[in-house]
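The values are calculated or read from the model by the stated rules, or taken from the named source; none is laboratory data. These numbers come from a predicted model, not from an experiment. Here the Cβ is made from the backbone with ideal geometry for all residues, glycine too, and neighbour counts use every protein chain on show. Only protein heavy atoms, including side chains, enter the accessible area calculation; ligands, DNA and RNA are left aside. Shrake-Rupley method; radii C 1.70, N 1.55, O 1.52, S 1.80 Å.
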Amino acid sequence: MIVDARLLPDRAELAGEVCVVGAGPVGLAVVESLTAAGLDVVLLDSGGPEHDAQADDLGEPAEIAFGTVTRLGHTRRLGGNAHAWQIRTGPTHRGVRLLPLAGVDLEAWPGDPASAWPVPADELARYVARAQDWFGLPTGSFALADRLAPGEDARDLLDDGTVRSAAFLFADGGALAARATPALEAGSVRCYHHATALEVLTDEAGSQATGVRFATAPGRTGTVRARTVVVASGGMGSTQLLLASDQVRPGGLGNRHDQLGRHFMDHLLLTGGRLWPASPADIARRAPFDLRVVDGAPVMGHLALTDAAVRDHGLAGLSMLLLPRADAHAAERALSARRQDGVYAAFAIREALLRRHRPERGAVGRALRGLDGVVVRALAGARHPRSSLGRGGWSAGDTSALTYFDVIHQAEQAPHPDNRVSLTQVRDPLGQRRLRVEWRWHDEDVAAVRRAQDVYAAALARAGWGRFEPALVDGRPLVDSSSSHHFMGTTRMSVRPTDGVVDPRGAVHGVPNLYVASSSTFPRGGYANVTLTAVALGLRVADQVVSAHAGATITGTFVLDEPAGGHGATADQGDARSPLRTGLAQAVAAAAMAAGAMAAPADVPLPEVVEATREETNDERDGGGSRT
């Protein structure tokens, strides 16, 4: 059931067993798992079924020092950032690259032992497999050799122990976004849109979450009372909500040791340089590195460093995407300012229509004024198809005019504590304090990338692939964008409360019934896009919640928070390598609920709540004069 929260009366009180904040891909995965187990879920989202620029603006910071980034560009809408994915996987399809974090990505960054993932790699891999299934991806590995099309040859790949050939798979953003609304309407969840979470409510000690306070309009609020709260509102939104929940715990929940908001990481996009093939014929042999369809699924190859190379040489995770170019191509694409503006406007109109947005004001007029430029660009693109981060297909055409590869890197950065987000005193229209973003690319990160580029150059030369010439400015890699919108680290997962914000289960240190399901919990970020791993963690959090509601013992080894001047105590509640299994946990929960055995464990009291039946909620909605 989907309800426009703006139709609720002021100070409305709702109740459910679990309150989930955020209806992006991670939040949707969490909700589907919880409702499949029979739990009563209330879902809050700041946006609505359609694009809402005012809702998007709520997430913009008041102060931002973030390299090339001036706006974060949130998508607050049912389905979240799935509406904003930009990779052209078909004429009308837009997707996102998916690749899990694994291997060295889960190990500690040199000099920061707390940045090691406290989740066993084999356990995470099992949840990644479930996330692949949730996205509708083909099963199997992400090695490019396992994702070749007929006629492609594994001997044309590079796997020499230093550099490896890996594959991106792609989720269809349109399909995911389109399924969000019907799934929420048909499911047992009660979804309230245009309900912006303002704070997580707790008991007087700040040790148990009791619900969420939300706003629907300036001066209008409501409350959800719940036994468990799951925050899944993205890397920035999840951090902002915990920081704002400071009525009982100064500094916010999970911030007793000043870790909340620190260790902010993103993946930089770098203009890597050029790869000059040893022979012009070699370009056609690199077809597996194009975005193409293999066994019915979009796949794109790229080069990556092996785990051994990253460890042995102290490197940053660094991908290498290969985009072929022709010398004539660049000259033919040169346009006057008027023509170029027309091309930009035409592109903006196309993307808006694909996403069912209204084109920006003046775009149609600009496109008409530069219509001759649009025609010239279209003809040039037909003669020389230009691959980019957002489109592929070059291998399907004539490659004889292509002479070199542009190289794009997606780069890892270290989890520096001074890269952080915090709250300002500037408030948005709903009264929420806006964020301050402080980020810089440290010299340590630059040096790690430069070493990685040198390793690539040597490996490519040894393999006979050609000459890699890095693009450098004053000896530093050329930054195309400081952000891939992969916000990580600010609620990082840790064994000890002194080192992070959430424990290995995904629960906030000191608040065992408050969970975070977000890329913000990543202790280290590697180079891989975050979405697949974030959904995997969301499914894992959902299993933890189901088990807790069934009265099961939570597994894992973690350190309890300590009183001032005291010493932490280790809580060894089972084998950390024996994770709760979905099938068993859901079966136990379903049986318990069928028998009416939903009493909370003694240490997780169910708060007194004001119950709102679905009939009452429908009456409130109908009384507002419209149906959603």
- Task: Give, in nm to one decimal, the length gained when the segment between Arg220 and Ala175 is fully stretched (0.36 nm per residue of separation minus the Cα-Cα distance).
- Result: 12.8 nm
- Task: Select from Thr70, Val21, Leu43 the residue farthest towards the positive end of the dipole of segment 19-84; place +1 on Cβ of Lys and Arg, -1 on Cβ of Asp and Glu, and compute about the Cα centre.
- Result: Thr70
- Task: Amide H neighbours of Trp109 under 5 Å, at least 5 residues apart or on other chains, H built in the peptide plane: list them.
- Result: Ser115, Ala116
- Task: Quick one: what are the phi-derived ³J(HN,Hα) couplings along segment 129-135, Karplus 6.51/-1.76/1.60 with θ = phi - 60°, whole Hz, x for glycine and proline?
- Result: 4, 5, 5, 4, 5, 4, 7
- Item | Sites Asp160 and Trp276, calculated FRET efficiency, Cβ-Cβ separation with R0 22 Å, nearest 0.05 | 0.70
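Using 1/(1 + (r/R0)^6) with R0 = 45 angstrom and r between the beta carbons of Ala297 and Ala205, what's the FRET efficiency to the nearest 0.05?
Plugging the Cβ-Cβ distance into 1/(1 + (r/R0)^6) gives 0.35.
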- Item | Furthest towards positive pole of dipole, Gly174, Gly211, Leu158, structure part segment 157-260, Cβ charges | Gly211
- Query: Roughly how many Å² is the accessible area per residue of segment 457-525, as a whole number, for a 1.4 Å probe?
  - Reply: 30
- Glu444 versus Val364, label points 7 Å from Cα toward the beta carbon: distance in nm? 5.4
- Computed label-point distance, nm, for sites Asp146 and Gln54 using a 7 Å Cα→Cβ extension: 4.9
- Task: Work out the FRET efficiency for Thr424 and Glu185 from their Cβ-Cβ distance, taking R0 = 41 Å, and round it to the nearest 0.05.
- Result: 0.65
- What ranking, highest mean first, results for peptides 234-247, 451-464, 412-425 when packing means the other Cβ atoms within 10 Å averaged over each residue? 234-247, 412-425, 451-464
- For segment 241-314, what class follows from the C-alpha gyration tensor (a ≥ b ≥ c being the square roots of its eigenvalues): rounded when a/c is under 1.5, otherwise prolate if a/b is larger than b/c, else oblate? prolate
- Point-to-point label distance, Arg71-Asp398, nm (Cα→Cβ direction, 7 Å offset): 4.1
- Starting from the Kirkwood radius over alpha-carbon pairs of segment 83-143, derive D by Stokes-Einstein at 20 °C in a medium of 1.002 mPa s and give it in µm² s⁻¹. 155
- Task: For segment 425-438, just list the computed ³J(HN,Hα) in residue order, Karplus coefficients 6.51, -1.76 and 1.60, θ = phi - 60°, integers in Hz, with x standing in for Gly and Pro.
- Result: 9, 7, 10, 7, x, 8, x, 7, 6, 7, 8, 10, 10, 10
